[in-house]
Amino acid sequence: MRWLALIAWLPAWLVAAEPLRLPEVLTSVKERYPPLLIAMIEQDIAAGRLRQADGAFDLGFALRAGITPKGYYDGETTDVALEQRLPFWGANVFAGYRRSSGLLADYDKDRTQRDGEFRAGLRFNLLRDGPIDRQRAERLKARLDLSLADPFIERQQLDIVRSATRSYYQWAAAGLRESVAREQLKVAEDRAAALTEQAKKGMVAPIVVTDNERLIVSRQLIVTQARRRFEAAALELSLFYRGPDDQPITPARERLPKDLPVAELPERMGDVSLLEAVAELRPELRRVRLLKEKVEIDLRLARNATLPNLDLTFGITRNQGDGPYNDVRRDESRAGLEFRLPIQRNEALGRTQVSEAELRRLEQDLYFVRDRIRVEVKDGWSALAAAHELLGAARRNVELSAILVKAEQTRFSQGATDLLALQIREQALLEAQFSEVTAQADFFTALADYRAAIAADLKK
């Protein structure tokens, strides 16, 4: 019962030696891989910058108090106000309350009747800073930066998934190559006892036993090299494959799959409309378009800065109560129009010129990105099709090599051939098996590249 309790407490990856499959690795990547998590933080940063830009439109509160403690006048004033910047036409709206008491000079603008004064007003920028100003431009660009975080994260996701997939199949292929090497070593080791017995009976020369021993040592070297490559591949894969505690897990040898998945070609993206649809999925294209929108905002702002200022203001006040001042009116309203004209406008014209040039540059970048995506998709398919063809040839080579080895073994047992000929056949089989495993890994590596090219892992 204690052992059962211990097994129940252990993580599943320690208890069950189930083969490690690619989906398990990719799940670990999406949930725990630090570079991907770091990329996702970019969205939080962009959200913080948007909130920072929104701060330009925060509601403001002001409190002002004054007193004349010494002299002929002994008045006191209190003034509170709220001001809100509006997100259109550079408008500002305010409302406040002011009250004075005691005796204030006639020229003091803070004088009110006993119950104080309510006031409200509005200011519009009709030309410059009207349709757009620096603060609203920064706000709009901050919103675009928040949207830009998505293609950045998606690009990182595509690259990381591709790297994790490559690492997984390199690990699996390295393990399979080691298994092949061990099988060939075992063939030579199993043959050693029979050859020794035959040499004692005079059926074979002692040199044959020595030659087989040399072959065993040679294949031991191959096994050692294969084991080292497998261990290195496992360590590389551990960067992507992590446990619940976010620590890297070096996959155990027991979790090595016996074979790689069936190599099947996906649907080819050859039609122009399909290529265009794929291009729209790629985050690079959306990134350039969003960057264009940011530059267009800068261009709008720069062109607006070339206009003169034409500002409209309107305000009303209402005094409450009676006395002590007879010259303070109960209700007042005031409207104003202000005009300012920049003479040279070099700064605004320079900004306009820069924004227009940046916009042209991004237009060219957009065309090139689209062309590059098409090339990557076509080249990805070409590489994948070639890898599939090479895999078929490699498998046929293994089949033929295995037939030749079996035939040579039969001839060797009948004394019709020597050990050297058999070794040559076995070496050819070993190399063919290695080539098949490599071709399998190359196919799935090419498949990972092709899936990244068509943004397959981003499809909803």
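Taking the conditions exactly as written (within 22 Å of the chain's Cα centre (by Cα), over 29 Å from Arg268 (Cα atoms), in the same structural domain as Arg177 (by TED's automatic domain parsing) and not small (Gly, Ala, Ser)), does Leu419 satisfy them or not?
Details: within 22 Å of the chain's Cα centre (by Cα): no; over 29 Å from Arg268 (Cα atoms): yes; in the same structural domain as Arg177 (by TED's automatic domain parsing): yes; not small (Gly, Ala, Ser): yes.
So Leu419 does not fit the description; no.
Scanning the range 134-168 for residues that are assigned by TED's automatic domain parsing to the domain that holds Leu260 and either among the small types (Gly, Ala, Ser) or in a loop (DSSP other than H, G, I, E, B) (or both) turns up Ser163, Ala164, Ser167. So, Thr417, is that one in a loop (DSSP other than H, G, I, E, B) and crowded, with 16+ Cβ neighbours inside 10 Å or not? Against the criterion (in a loop (DSSP other than H, G, I, E, B) and crowded, with 16+ Cβ neighbours inside 10 Å), Thr417 qualifies. Beta carbons closer than 8 Å, at least 6 apart along the sequence or on distinct chains, never pair a first residue in the range 389-407 that is outside the structural domain of Phe443 (by TED's automatic domain parsing) with a second that is of a type in the set (Gly, Ala, Ser). Do we find a residue being farther than 30 Å from Ala95 by Cβ and not in a helix (DSSP H, G or I) anywhere in the range 285-304? Scanning the range 285-304 turns up no residue that is farther than 30 Å from Ala95 by Cβ and not in a helix (DSSP H, G or I). Looking at (1) in contact with a helix residue (DSSP H, G or I) (Cβ under 8 Å, 6 or more places away or on another chain); (2) under 19 Å from Pro261 (Cα atoms), which is the only condition Glu389 fails? The one condition Glu389 does not meet is (1).
Kindly evaluate Val180 against the criterion of being touching a Ser or Thr at 6+ places or on another chain (Cβ under 9 Å) and not charged (D, E, K, R). Taking the combined requirement at face value, the residue does not satisfy it.
List the helices (runs of 4 or more DSSP H) that sit entirely inside the range 1-102 and contain at least 3 residues that are modelled with pLDDT under 85 and not aliphatic (A, V, I, L, M).
Working: elements: 2-9, 12-15, 22-32, 34-54.
Hits in the range 1-102: 2-9.
Answer yes or no: is there a residue in the range 224-240 that is assigned to a loop (DSSP other than H, G, I, E, B), modelled with pLDDT under 90, assigned by TED's automatic domain parsing to the domain that holds Glu358 and not aliphatic (A, V, I, L, M).
Quick first cut of the range 224-240, residues assigned to a loop (DSSP other than H, G, I, E, B) only: 239-240.
Of the ones still in play, those that are also modelled with pLDDT under 90 are none.
No, the range 224-240 contains no residue that is assigned to a loop (DSSP other than H, G, I, E, B), modelled with pLDDT under 90, assigned by TED's automatic domain parsing to the domain that holds Glu358 and not aliphatic (A, V, I, L, M).
For the range 317-330, which residues satisfy the criterion of being under 17 Å from Gly121 (Cβ atoms) and at pLDDT below 75? Those that are under 17 Å from Gly121 (Cβ atoms) and at pLDDT below 75: Asn319, Arg329.
Answer yes if at least one residue in the range 247-261 is among the basic types (Lys, Arg), assigned by TED's automatic domain parsing to the domain that holds Ala448 and within 26 Å of the chain's Cα centre (by Cα), and no otherwise. Quick ask: steps written out before the conclusion?
Applying the first criterion (among the basic types (Lys, Arg)) to the range 247-261 yields 253, 255, 258.
This time we only want the ones that are assigned by TED's automatic domain parsing to the domain that holds Ala448, so: 253, 255, 258.
Those left that are additionally within 26 Å of the chain's Cα centre (by Cα): none.
The answer is no, given that none of the residues of the range 247-261 is among the basic types (Lys, Arg), assigned by TED's automatic domain parsing to the domain that holds Ala448 and within 26 Å of the chain's Cα centre (by Cα).
When residues in the range 420-460 are screened for being part of a loop (DSSP other than H, G, I, E, B) and surrounded by fewer than 22 Cβ atoms within 10 Å (Cβ to Cβ), 2 of them pass.
Are any of the residues in the range 197-218 of a type in the set (Lys, Arg), at pLDDT below 90 and either in contact with a Lys or Arg (Cβ under 7 Å, 6 or more places away or on another chain) or in a helix (DSSP H, G or I) (or both)? There is at least one residue in the range 197-218 that is of a type in the set (Lys, Arg), at pLDDT below 90 and either in contact with a Lys or Arg (Cβ under 7 Å, 6 or more places away or on another chain) or in a helix (DSSP H, G or I) (or both).
The values are calculated or read from the model by the stated rules, or taken from the named source; none is laboratory data. On a predicted model such as this, the values are computed, not experimentally measured, just so you know. Every residue, glycine as well, gets a Cβ built from its backbone with ideal geometry; the counts of neighbours run over all protein chains shown.
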